[in-house]
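Trainee: Before I ask anything, here is the structure I am working with.
The values are calculated or read from the model by the stated rules, or taken from the named source; none is laboratory data. Keep in mind the model is a prediction, meaning the values are calculated, not measured. Virtual Cβ from ideal backbone geometry, glycine too; neighbours counted across all protein chains shown.
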Amino acid sequence: MNQDAMQTRVGETIWRAVGLDRRRRPDSVRNALKRVGLPGVLMAALVLLGCAKHQETGRPETLILSGWNNYRLGEFSLATRDFEAAMKKAPQGGPEHLGALYGLATTWNLRRPGEDPDRAAQLFRQVIALAPTNDLAAWSWLALARMKAMPVAGESPELNAQVLAYQDVIDRFPFHSAGEEAFLFQQAARLETPDVDLTREVLAALERFIEIHPKSPWLSSAYGLVAHCCTVLNLPDKRFAAMLKASKAAEIDPLNPLQDLSAIYWQLATVAEFDLGDFALAREYYRRLIAEYPKEQRVFLAKQELKRMDEVEEGLRSQKSEVRSQDEKGK
Amino acid sequence: MNEDNPMANTQHPTPKASRIAKAWHFLRTYSALLVVSATFLWSVVAILMSRQTQAPADAKVVLRIGHWQLEAGVREAFDRMAQEYRKLHPEVYIIQDAIPEGTYGQWMTTQLMGGTAPDMMEVGLGLPYNVLLGFHSRYFLPLTASVNQPNPYNRGTDLEGVPWRKTYKDGMRNSYVEELQEYMLVPLAQFGIRAFYNKDLLKKLTGLDEAPGNYREFLRACETIKSRKDDRGRPYTPIAGSAYHVGMWEGFMCEPLTYGAVRRVDFNRDGAVGNDELFVGFKTGRIGFDFPPFSAKFRMLRELTEQMQAGFTGLGRDEAVFLFAQQRAVFITTGTWDAGSLQEQARGVFEVGVMEFPMPTRDDPEFGGIVEGPVYERPSSQFPFAITRTCKHPEVALDFLQFVGSQPGNQELNRIIGWIPAIAGTSLSPLLRAFEPNLEGIYGAMPVTLGGETIIKWQQLTSLFQVHQIGYEQLANEFAPFYLEHGPREYEELQRNRRRGMARDEQFLAGFRARLMTGQGLEAQSLQVKYRQMTSSRLLVPGLGAALLQRKLNEGTVTNAVGPYEFTPAALARVRERLQSKEAN
């Protein structure tokens with residue numbers, strides 16, 4: 001039932017409840033008022049006020065902003081109302097109309113509860129049909145692909161459908177941020193299956209991506225995925241190199257206190273120590289962690305590892321001298 | 001003629017009687033409505049009048065601050081700080097709403113939803129995080145712009161000109177709400193947990209002037225205390241325990257013993273053990289309940305709970321404090337939030353001492369090989385306040401929070417309460433110096449539950465263990481098969497929950513993307529960085545770690561597998577090569 005029909009029905013029910021029939025003579029109104037008395041009239045007025053249709057005011061761009069604001073506050077019904085109002089007011093196919101359509105589609109797609117993926121998909125396709133080369137069309141394609149990646153009851157969706165949907169975005173917008181994002185999502189989805197051959201394919205695809213998109217803002221994430229592939233494929237040197245590049249390409253938001261490089265230092269140090277056997281490199285990153293993040297939980301562990309590496313080296317040296325002395329004795 | 005009422009023709013009441021009858025009829029018909037309306041009107045008038053009487057007539061700006069800290073000194077401290085603030089701003093009057101902890105969540109919700117919330121509110125108690133998150137975005141003002149500016153009340157101090165957030169000992173880490181990408185809170189204190197003791201009673205019963213800092217000596221002192229009796233022949237209790245306090249002893253002394261599990265099962269090498277990693281470790285035979293640090297944790301817990309009064313698990317916080325205040329127990333543990341109250345209760349009766357938790361030393365015959373160091377404490381600021389959107393003078397509310405969040409203001413506020421200031425460069429009372437967090441050390445690594453059933457089973461068994469009805473061996477023998485049998489289902493549910501969370505992240509990121517589409521200049525650039533970081537950390541990466549763990553699970557039970565912090569033979573060979581070439585050079 002739509003909102004207008006619902007309001008009419010609620011109104012009729014209230015009029016009937018208070019004994020009013022609009023078709024009767026005016027004295028029926030008087031009688032009804034007598035029956036319900038003042039409190040009843042006040043209550044009815046309050047109910048009607050609550051049901052009164054919201055007056056959509058403002059320009060389309062203001063309504064779109066308000067729609068997104070409501071969306072972010074989790075007020076999805078209000079967001080829908082704003083986007084619908086903006087759609088009605090904006091010229092068909094204009095930027096505001098597209099913006100409102102995209103907002104409405106996103107709301108129907110991601111509101112919880114009350115999501116309507118079919119309706120959302122239809123609206124996203126409407127954006128694409130109206131302006132196939134527009135930015136919002138790119139994001140709409142990505143949204144359609146992401147809908148395929150949404151788990152149903154917590155279960156992973158089918159990989160093939162995801163891969164194909166992401167490919168749609170990549171083919172249409174290979175150098176758009178939405179296309180690059182789709183590419184990374186596609187590879188990450190493929191990596192969720194712990195399969196060595198598939199991982200090899202993903203690694204090759206990622207290396208091609210890095211080659212073709214050397215200035216992509218997603219470079220750090222791409223190198224991160226390369227490092228993951230190398231973990232699975234047991235390529236420690238390549239893994240370390242990828243991790244290093246990921247850390248160098250990482251964008252740090254200076255306003256976010258939760259974000260720091262300590263985790264990256266820690267990962268680099270441990271890979272250098274245990275997988276590469278490069279103690280000099282490991283020491284460098286452990287020391288950086290200790291110096292730059294002295295309150296970090298891993299500092300104690302880092303100090304223990306520094307000590308351990310000294311002990312391992314010492315042990316190897318003494319082994320070597322033991323062997324040497326045994327050799328000399330043998331001679 | 002009235003056909004419906006045959007009496008109408010025979011009786012003619014007087015107009016006055018008729019009016020009374022009508023009034024009576026009206027009252028009978030609408031009595032419930034009238035009672036409700038009258039009560040509502042009364043409450044409105046009462047609230048308005050009580051709010052007006054709390055503020056003086058000449059107050060131009062009245063700000064309310066709501067919190068749940070009913071401990072000794074907090075209300076007094078706010079009143080004193082408000083007085084100090086009024087010296088600088090005579091037109092501002094600050095009133096407190098101190099609400100008990102038990103009802104704070106409901107109170108906060110109704111106040112915020114009803115639009116009658118105080119101007120500043122302490123946030124964090126009584127509501128789940130996702131609800132608080134919604135409240136943050138709907139009802140509180142973001143403070144990012146302000147916390148990146150210097151605090152004007154730090155003028156003349158060594159923090160002058162420093163952005164406010166950087167003047168905090170923890171960099172305002174807990175004030176940042178990542179989901180909103182905004183600083184939302186102003187914390188005003190730091191908390192710490194330590195053991196307290198009755199100095200006079202300790203001296204009387206054991207002859208010791210100070211509490212032993214070493215675990216073995218501590219246990220010896222406890223045994224001596226247990227053997228002593230008061231004038232009425234009642235034995236003394238070494239440690240005042242309760243369901244509330246036992247967790248602190250366990251968390252600070254026993255749990256860190258499990259630190260060694262990091263080297264065995266921290267598969268993603270992030271320096272901590274997740275419950276999924278520990279389960280994979282158990283399932284693949286890499287770790288078990290026979291792991292010495294795990295059994296050590298429970299041996300120590302048994303030794304400590306043996307020093308508590310009988311039936312302590314059925315007692316609440318107040319009962320344990322009462323036992324301590326009545327000088328029937330020598331030791332108790334609690335946080336800085338209770339330190340003032342404890343001292344207050346002991347004033348003039350006995351002297352309260354503060355001590356570090358008595359950890360075993362490296363030469364301890366039982367735990368020496370397991371305790372690798374002191375216990376790590378993450379410094380974090382608490383007692384956080386937010387400014388509500390309904391505040392009529394948000395700039396004044398912010399200014400007051402800057403006043404109490406400045407170096408001198410925060411020091412004074414916490415000096416009065418007896419808490420640890422949150423701002424760097426502030427001084428502490430001698431009692432509180434013992435609470436300075438220890439920034440290097442070991443931490444717990446035994447998150448052995450996965451979900452509903454394993455949590456319940458574990459709680460049941462550990463409760464029996466705490467009251468000495470079962471031993472560690474029985475606990476392990478009963479839990480291990482249950483864990484391995486029910487664990488796979490709960491592990492899968494963990495993964496499903498992670499995937500379910502994707503919808504929320506996707507929802508959040510779509511809203512964020514819309515912001516960056518409309519943003520301009522530097523703001524848009526900053527938003528783009530945040531968007532990419534969050535997309536990567538929340539949507540791209542989480543599935544990968546799970547995939548690696550799944551791979552380990554698929555490989556099944558292993559023997560002699562190389563642990564995450566062990567050298568592979570290849571790596572060791574490379575170390576040897578490097579060493580040789582280094583020495584050759």
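Trainee: Taking the condition of being at pLDDT 95 or above and within 18 Å of B:V246 (Cβ to Cβ), how many residues in region B:327-342 meet it?
Mentor: Residues flagged as at pLDDT 95 or above and within 18 Å of B:V246 (Cβ to Cβ) within region B:327-342 amount to 6.
Trainee: Which of (1) modelled with pLDDT of 95 or more; (2) of a type in the set (K, R); (3) within 34 Å of the chain's Cα centre (by Cα) is the odd one out, the single condition A:K295 does not satisfy?
Mentor: Failed condition: (1).
Trainee: Another question about this same structure. Restricting attention to region A:245-266, and to residues there that are at pLDDT below 95 and in a helix (DSSP H, G or I), which single residue is nearest to the other protein chains (Cβ to nearest Cβ)?
Mentor: Of everything passing the filter in region A:245-266, A:A263 is nearest to the other protein chains (Cβ to nearest Cβ).
Trainee: Within region B:557-572, can you find the residues that are modelled with pLDDT of 90 or more, closer than 13 Å to B:R269 by Cβ and touching a Ser or Thr at 6+ places or on another chain (Cβ under 9 Å)?
Mentor: B:P564, B:Y565
Trainee: Anything in region B:255-277 that is in a helix (DSSP H, G or I), within 11 Å of chain A (Cβ to nearest Cβ) and basic (K, R)? List them, or say none.
Mentor: B:R263 - this is the single residue of region B:255-277 that is in a helix (DSSP H, G or I), within 11 Å of chain A (Cβ to nearest Cβ) and basic (K, R).
Trainee: I would also like to ask the following. Going through B:R378, B:R317 one at a time, which residue ends up being within 14 Å of another protein chain (Cβ to nearest Cβ), of a type outside the set (A, V, I, L, M, F, W, C) and either on the phi > 0 side of the Ramachandran plot or surrounded by fewer than 20 Cβ atoms within 10 Å (Cβ to Cβ) (or both)?
Mentor: Answer to the check: B:R378.
Trainee: Out of curiosity, is B:A503 surrounded by 19 or more Cβ atoms within 10 Å (Cβ to Cβ), within 7 Å of chain A (Cβ to nearest Cβ) and touching a helix residue (DSSP H, G or I) at 6+ places or on another chain (Cβ under 8 Å)?
Mentor: Spelling it out, it is not the case that B:A503 is surrounded by 19 or more Cβ atoms within 10 Å (Cβ to Cβ), within 7 Å of chain A (Cβ to nearest Cβ) and touching a helix residue (DSSP H, G or I) at 6+ places or on another chain (Cβ under 8 Å).
Trainee: Can you report the number of residues in region A:45-73 which are at pLDDT below 60 and either of a type in the set (D, E) or not in a helix (DSSP H, G or I) (or both)?
Mentor: 5
Trainee: For region B:359-375: of the residues being among the β-branched types (V, I, T) and closer than 14 Å to B:R299 by Cα, which is farthest from the other protein chains (Cβ to nearest Cβ)?
Mentor: Residue satisfying both the conditions and the ranking: B:I370.
Trainee: Given the conditions (1) under 26 Å from A:L268 (Cβ atoms); (2) within 12 Å of another protein chain (Cβ to nearest Cβ); (3) out of contact with any Leu (no Cβ under 6 Å at 6 or more places or on another chain); (4) crowded, with 21+ Cβ neighbours inside 10 Å, report the number of the one that A:A242 does not fulfil.
Mentor: Failed condition: (2).
Trainee: A follow-up question, please. Go through region B:275-304 and give me each residue that's of a type in the set (V, I, T) and either at pLDDT below 95 or within 20 Å of B:G368 (Cα to Cα) (or both).
Mentor: The answer is none; no residue qualifies.
Trainee: Right, something else. Of all the helices (runs of 4 or more DSSP H) wholly in region B:291-365, which have at least 3 residues that are touching a helix residue (DSSP H, G or I) at 6+ places or on another chain (Cβ under 7 Å) and over 20 Å from B:W419 (Cβ atoms)?
Mentor: Fully inside region B:291-365 and qualifying: B:292-305.
Trainee: Moving on. Those residues that are of a type in the set (A, V, I, L, M) and more than 8 Å from every other protein chain (Cβ to nearest Cβ), I need them from region B:506-519; list them, please.
Mentor: B:L509, B:L516
Trainee: Being surrounded by fewer than 16 Cβ atoms within 10 Å (Cβ to Cβ) and more than 8 Å from every other protein chain (Cβ to nearest Cβ) is the filter; apply it to region A:143-158 and report the residue that is farthest from A:E180 (Cα to Cα).
Mentor: A:V152
Trainee: Continuing with the same structure: Would you please name the residue that is nearest to the other protein chains (Cβ to nearest Cβ), looking only at residues in region A:277-311 that are under 18 Å from B:S581 (Cβ atoms) and buried (at least 22 other Cβ atoms within 10 Å of the Cβ)?
Mentor: Checking each candidate, the answer is A:G277.
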